[in-house]
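Quick note: the coordinates plus some simple rules give every number you see, no bench work behind them. Since the structure is predicted, the reported quantities are computational estimates derived from the model, not experimental observations. Counting neighbours? That spans all protein chains shown, and the Cβs are built from the backbone with ideal geometry, glycine included.
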Amino acid sequence: MTGGRRGRVPGEQPDWELLRRRMVRSQIEGRGVRDQRVLEALGRVPRHLFVPAISRRSAYDDTPLPIGHGQTISQPYMVALMTEALCLRPGAKVLEVGTGSGYQAAVLAELACEVHTVECIPALAEAARGRLLALGYNQVRVHSTDGSPGLPAEAPFAAVLVTAGGPRVPEPLRQQLAADGGVLVIPVGNRLVQILLRVTRHGSEYREEDLGGCRFVPLVGEEGW
Ligand code: SAH
């Protein structure tokens, strides 16, 4: 732990586990996320190790935080809501577009999923890869490329999660969903505000549901802005 704020005893550590338990209870369970496995996953991932040292003490606050390169780690509630919306079974093969810090990927790994996560900013991809390995999340593969057209070589996916907001649902991501109930969750809208869309595939039918308003950094690349 480096540099506390001025006035703190050097080396003094917050009780991260306590902060994390409180976060899960008040911000997540308290707002209606009921899936026990999702609550337990968020209770296990050390979020303070996914944010820059300077923001560490805010890691369990009810807010997104900057992670450099103009990007953010999503608010804990949003991570929980999106994860729950994916209806994941253990062993599910999942694609995340927008690795950022790697936090969401770690939550997916806690749910025993096979995770492929894609990040287009090489320095963030590299940092997330190192962090996930150091924390023992060996079942996560970090790809450093444009993820907006998905990862055709690894398809189909039981679930696809996009953690950046795009102008529309990319057609390649629909195509890469498993035909028997594959689920895509993606923020769609303009560059400032979006709605969280859930698309469920059954054969050639795609059902869309609006899960509410949200605010994500822009999805860039071939199928983004
Ligand atoms: N899920 C992340 C937060 C995501 S922030 C976490 O848990 O920390 C959104 C991320 O999406 C940013 O890091 C941004 O660089 C990335 N991104 C935006 N467009 C992308 C694209 N086309 N392909 C891959 N990553 C993209």
Within the stretch 197-225, which residues are touching a helix residue (DSSP H, G or I) at 6+ places or on another chain (Cβ under 7 Å) and within 15 Å of the ligand (Cβ to nearest atom)?
Cys214, Glu223
Which residues, counting only those in the stretch 186-225, are closer than 17 Å to Val118 by Cα, under 20 Å from the mean Cα position of the chain (by Cα), of a type outside the set (Gly, Ala, Ser) and outside any strand (DSSP E or B)?
Phe216, Val217, Leu219, Val220, Glu223, Trp225
Might you let me know whether the stretch 19-40 holds any residue that is near the ligand (Cβ under 10 Å from one of its atoms) and either in contact with a strand residue (DSSP E or B) (Cβ under 7 Å, 6 or more places away or on another chain) or hydroxyl-bearing (Ser, Thr, Tyr) (or both)?
no
Candidates Val97, Val45 - the one that is under 27 Å from Pro170 (Cβ atoms), touching an Asp or Glu at 6+ places or on another chain (Cβ under 9 Å) and surrounded by 20 or more Cβ atoms within 10 Å (Cβ to Cβ):
Val97
Examine the stretch 59-76 for a residue that is over 18 Å from Ala128 (Cβ atoms) and not in a loop (DSSP other than H, G, I, E, B), and state whether such a residue exists.
no
For residues in the stretch 105-154 being in a strand (DSSP E or B) and near the ligand (Cβ under 10 Å from one of its atoms), which is nearest to the chain's Cα centre (by Cα)?
Thr117
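In the stretch 89-104, how many residues are within 14 Å of Gln139 (Cβ to Cβ), within 16 Å of the ligand (Cβ to nearest atom) and touching a strand residue (DSSP E or B) at 6+ places or on another chain (Cβ under 6 Å)?
First, the residues of the stretch 89-104 that are within 14 Å of Gln139 (Cβ to Cβ): 90-96, 102.
With the extra rule that they be within 16 Å of the ligand (Cβ to nearest atom), the set shrinks to 94-96, 102.
Filter once more, keeping what is touching a strand residue (DSSP E or B) at 6+ places or on another chain (Cβ under 6 Å): 94-96.
Residues that pass the stated criteria total 3.
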So is Leu95 in a helix (DSSP H, G or I) and at negative phi or not?
no
How many residues, within the stretch 65-88, are in contact (Cβ under 8 Å) with a residue 60 or more places away in the chain and within 10 Å of the ligand (Cβ to nearest atom)?
6
When Ser55 is run through (1) away from the ligand (no atom under 16 Å from the Cβ); (2) over 30 Å from Glu222 (Cα atoms), the failure sits at (1)
